[in-house]
Amino acid sequence: MICANDTMYEALVPFWPWLAGQCRVSRAGNDTCFLEGLLAPLLPSLPPLGPSPLCLAPAPFLLGMLSQVPRCQSSVPALAHTTRLHYFLRLLSFLLGPGAGGAEAQGTLGQALLLSSLPDNCSFWDAFRPEGRRQCARTVGEFLEQEEPTLAGFEPTVSLSSGMSKMELLSCFSIVPLSAPERKGIKLEGSDSLPRGLAEYQKPVLWDLLQREKSVWALKILVQAYLHMPPENLQHLVLSADTEAAQGFLTLVHRSWAQLQVPPTEEQAMGHLMALLLQRYPRLTSQLFIDLSPLIPFLAVSDLMRFPPSLLANDSVLAAIRDHSSGMKPEQKEALAKRLLAPELFGEVPAWPQELLWAVLPLLPHLPLENFLQLSPHQIQALEDSWPVAGLGPGHARHVLRNLVNQSVEDGEEQVRRLGSLACFLSPEELQRLVPLSDPMGPVERGLLECAANGTLSPEGRVAYELLGVLRSSGGTVLSPPELRVWAPLFPQLGLRFLQELSEPQLRAMLPALQGTSVTPAQAALLLGRLLPRHDLSLEELCSLHPLLPGLSPQTLQAIPRRVLAGVCSCLIPELSRLSACQTAALLQTFRVKDGVKSTSTTGVGAAVCVPGQLLQLDTAALLANRRRYRALPWSEQQAQFLWKKMQVPTNLTLRNLQALSNLAAGMSCEFLQQISSMADFLEVVHMLYRLPTGVRGSLRACIWAELQRRMAMPEPELTTLGPELSGLDTKLLLDLPIPLMDILSNESIMLVVELVQGAPEQLLALTPLHQAALAERVLRNLAPKETPISEEVLETLGPLVGFLGIDSIRRIPLPILLSHLIQLQGFCLGDTFATELGWLLLQEPALGKPELWSQDQVEQAGRLVFTLSTEAISLIPREALGPETLERLLEKQQSWEQSRVGQLCGRPQLAPKKAALVAGVVRPTAEDLPELVPTCADIRGTFPAAWSATQIAEMELSDFEDCLALFAGDPGLGPEELQAAMGKAKKLWGPPRGFRPEQILQLGRLFIGLGEQELQELTLVDWGVLSTLGQIDGWSSVQLRVVVSSFLRQSGRHVSHLDFIHLTALGHTLCGLRPEELQHISSWEFSQAALFLGNLPLQCSEEQLEVLAHLLVLPGGFGPVSNWGPEIFTEIGTIAAGIPDLALSALLREQIQGLTPLAISVIPAPKFAVVFSPTQLSSLTSAQAAAVTPEQMALLSPEQQRAVAWAQHEGKESPEWQSRSSAWGSQYWSQPSWALALISFLGHLL
């Protein structure tokens, strides 16, 4: 009656949903599917069953099934209740057909099939009853016990009858999503797809199993399985455990830790698991810490700090820290060490007893230096035998040595032996008094060489120089090859003379030891010339010489057969980054054929794998045929774009095919992205791009965000159904978020960015300064309310971001907290604002105080941060506080930082005046009437070459100068007079410049700027190797540039029109020595290939010269008209783009402008920059390009142009100075309310 009455039916269904199923058949009419009519009364909710054969053609299908019944009976011998149920479910699956009922029905049926296959079939029915959870857990436990304990790797299967793996079962209970090919009808994305009862019992399964399984292998399998869960699912799982279950898990882990193994790839997941477990405990106790002790290395510092400070007063806790300290991270030890300083815990540092010092020994090296310096001589001497293995840093070690070393003891060698690794920090003066170095293979000398090998002892320092003196005085010829290999860490400091004395067998024996040592190009050239066989060179022999590849010269390259060179690429690849531009060009030239088209034979392909470059213009067929060999190479931006165009990628390419392109996909065009119709597919492609190791180029990044703006501003229904597709996007996407959108990031998203930055700070340094500052301030707002002091915990959470805070934020850091973090700050990149403010704060009274009152302790405490002080403040530091040892350590720290990966990305501030002020007390006489000091090589190594005047350099002993020649040649701070004085010493050493050998020219480097015109003309420059040495030098005068290039043309007998791309590349900076009328004769074909290398140089050419060079690129043989250039050509030619005519530049489109390199932007003359670019063009600059605009360029721009540059620098957000003004041309980018609201939704899905 109810089903027949429409009014009654519609009124009751909202209250009784089951009526819809009951009335489906009677209300559906004649169109009802046969199967729906059969099953509707039995199942409360039945989805559409359109694809089922019983709906499409029921009669023929049923007749066909009946004919198969006899065969089915023979395959089912015993139809017990368990078998009948499972058989019924399989039959139902067969009847429904593939895809019938949609993903939800298929997922539910798949779960039922899985559970009905368990040995105890009642678990299937228990799954639908909340009170049946324990019974099902017992069934799962019995199943796991029946499996063999050797199942370490899990290959998911779908057939339970053939043996279901543990991983599959665990995936069912923990809702682990499988990839589409693996699902095969079993939907596991979330609990919404499961019956309500099953979803309720899922979460506690792990804990029930662990309470039953006590064996190590079961724990290992379960933990590894659940570590692979998505973070949100793991969170639900862990929070489902009660305290008793969590405690049982920790106890089992503690007992079984020796047998468990956590791969490095799973350490982050283990840390997340531990953080979640801690949330189960309302109160963190000492016993809990002890239970957790094996897992301490996986805890985040913030989780570690949740334990009360009184924790460290427990002896068992300190014993647990000692036992597991080897696996702990430095930041964890630093955090715990600071806890020791709580006055209520152990009192002041000088009062700590010996027992306490021994108990906390692993933490002592991580005390802030200001507190470590408070340790008394008695306290230090009490731990005399423990300090050598404590892992002390330089400042801490020097304090220990000052209190341990007894220079009056007769047996100095025994004392140095007992010091162990601490001997690495002894000064030359202390070593001389304790045990003078004399034996190249003595125990003390070998110990110091180990210090050099592990990086504790600087190869350029004074102690290393003393070691080198021992080797030189004894002569290397008396040492056996194994003994010589011990000296490999100091090999680059041996110069050329020592190597010339060694025999060929000795040199060959040293080659294996040079694998991790960077020999100088001069040494590599000398060795390669001596060791390269002249005949019958084999592939193995050439591979053994690969550390010497930077010494490649025309002669050695010619001596290598082409067939051998083509096959040796795989073993040469590690050295390719050390090649000069000219050496790379020469290698490429080796594989060219007569007509300029590159070979596509095996040899040509081998060359492409060895040296990727746009010069290898393989045709599309060859590229696609060898795609597997090409795709993983580290292609540059323009190379990837060029190859993308050559491949002519179709717009309907599948995601799988895109992923198969690997790094080649980085060349993807904006048009290709825009043609991806599906939002889900678009986001998958973006996800793939951000995972490429080559990164996302600036123009493509701008395209991605512009396209997201366009799509999210549209009323697409798809936006409401994105679901989990966004949850897997890489956090790099959040880090790359444009500045205007940072304010709408959720707190969870911000913390994801913080984790990424702490784990990979180099990704932060790839951002522009404005982006870094905006991100740092946004994170700080998330961590601490405005105007409140910044706590120690917040400062540690900020990590590398702290270096980009603004002045107001910096002043919120209490000085005591700032002082306790000076060691960490020395490892961070500090923006100009932070560095300046930090220098001012350090001079305040609660901090280090006035510089004129500083002692050695204050200098050591500041470390390399002393360079954040002003030049005037540095000059006030007392000379007594800057002894030779202290000064050398300071300068070593700064140099080590500048040479590190993070330091190079951070950039080098102009520190020359500050360094000069720091060493003034050493290099200048104490009184005006005293003569200037004459430095030794040890003095040069204790300071730096540019610290000394031209007069002092000229008066050096020749042997001292030779020992320090490499340092002089590598110091960019030497002025013209100092360079002239140093070159004068080199001429006394090696004779007139006309007799210099190629390896000597390589070693002298920048010192050639000190040569006069006549002597430059006498240099032998026919060799492109020698010419390229001079071409790489920046700083020539215009007269010297002219002399060098004229001398080369005269000696080689070449005309400008006959210069090939190797010699054009070799000329480098000296190319600007040619007059404009001479430059016009250069071959456009050759120059268009050399542009790849020349465009990376900040050429010193005049505007007229640059215009001629740019004009060569539009001639036949070049790239054609500028209007037809793609962005990859602008990127390829680099700084040469600064010479493009005004009219051509003013007509550039957005895509073309975004191809200009930041260096090219910065070298465009300021007047030209102001004339050619309109506000609209300037607003289209990428953030990196806009950041490259120089103050001189900015000063000549109109207000509208300046606002456009600021708009681009802030990525569409008004800069503070322009916020009060409106911008008609810019509002279209970021002002749409729908865009902001849509993006909020987008970022919500992202988590």
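Using C-alpha pairs below 8 Å separated by at least 6 residues, the relative contact order for region 884-956 is 35 percent. Once the chain from residue 473 to residue 315 is taken as fully extended at 0.36 nm per residue, the excess over their C-alpha distance is 51.4 nm. When both region 432-501 and region 1118-1150 are represented by their alpha-carbon centers, they are found 54 Å apart. When peptides 538-551, 261-274 are ranked by their average number of other Cβ atoms within 10 Å per residue, the highest-first order is 538-551, 261-274.
Rolling a 1.4 Å probe across all protein chains gives residue 940 an accessible area of roughly 0 Å². Taking amide H as placed 1.01 Å from N in the peptide plane, the amide H of residue 1196 sits under 5 Å from none that are at least 5 places away or on another chain. Sequence-distant contacts, meaning Cα pairs under 8 Å at least 6 residues apart, place the relative contact order of region 437-518 at 30 percent. Between residue 811 and residue 501, the simple label model (points 7 Å from Cα in the Cβ direction) yields a spacing of 6.2 nm.
With an a/c value of 1.5 or above and a/b not larger than b/c for the gyration tensor axes a ≥ b ≥ c computed over the alpha-carbon atoms, region 834-949 is described as oblate. The trypsin sites (Lys or Arg not before Pro) of region 487-565 meeting both criteria, a DSSP state outside H, G, I, E and B (loop) and at most 11 other C-beta atoms within 10 angstrom of the site's C-beta, are 534. For residue 744, the accessible area of its heavy atoms, probed at 1.4 Å with every protein chain present, is near 60 square angstrom.
Share of carbon and sulfur in the accessible area of region 825-902 stands at 53%, probe radius 1.4 Å. Distance from the Cα centroid of region 522-554 to that of region 843-905 is 44 Å (rounded to whole angstrom). Measuring with a 1.4 angstrom probe and ignoring ligands and nucleic acids, residue 788 comes out at about 50 Å² accessible.
Solvent exposure of region 519-591 amounts to 39 Å² per residue of accessible area, where only protein heavy atoms count and the probe is 1.4 Å. Extending 7 Å from Cα along the Cβ direction at residue 928 and again at residue 657 yields two label points whose distance is 8.2 nm. What FRET efficiency comes out for residue 257 versus residue 793 if R0 is 22 angstrom and r is the Cβ-Cβ distance? Round to the nearest 0.05. Step by step, r from the Cβ atoms, then E = 0.15. Of the listed residues 901, 1042, the order by accessible area with a 1.4 Å probe, largest first, is 901, 1042. Ranking of 384, 1015 by solvent-accessible surface, largest first: 384, 1015 (1.4 Å probe, protein heavy atoms only, all chains present). Maximal additional length on extending the residue 911-residue 454 stretch stands at 161.7 nm, based on 0.36 nm per residue less the C-alpha distance.
In plain terms, the chain from residue 577 to residue 1123 could stretch by 193.2 nm, reckoned as 0.36 nm per residue minus the Cα-Cα distance. Rg of the Cα atoms in region 437-518, relative to 2.2 N^0.38 Å, amounts to 0.98. Here region 1054-1090 and region 1173-1191 have alpha carbon centers that stand 31 Å from each other.
Rounded to 0.05, the FRET efficiency of the residue 438 and residue 872 pair, given R0 = 41 Å and the Cβ-Cβ distance, is 0.35.
Here's how it looks for residue 1059: its modeled amide H is under 5 Å from those of 1083, which are all 5 or more places away or on a different chain.
The 1.4 Å probe gives accessible areas that order 501, 999, largest first, as 501, 999. Projecting label points 7 angstrom from Cα along Cα→Cβ for residue 329 and residue 1176 puts them 5.0 nm apart.
Taking a ≥ b ≥ c as the square roots of the eigenvalues of the alpha carbon gyration tensor, region 368-432 is prolate, as a/c is not under 1.5 and a/b beats b/c.
The values are calculated or read from the model by the stated rules, or taken from the named source; none is laboratory data. This structure is a prediction, so every number in the text was calculated from the model and none was measured. Note that we place each Cβ from the backbone using ideal geometry, even for glycine, and neighbour counts take in every protein chain shown. Remember, those area values only see protein heavy atoms, side chains included, never the ligands or the DNA or RNA. Shrake-Rupley method; radii C 1.70, N 1.55, O 1.52, S 1.80 Å.
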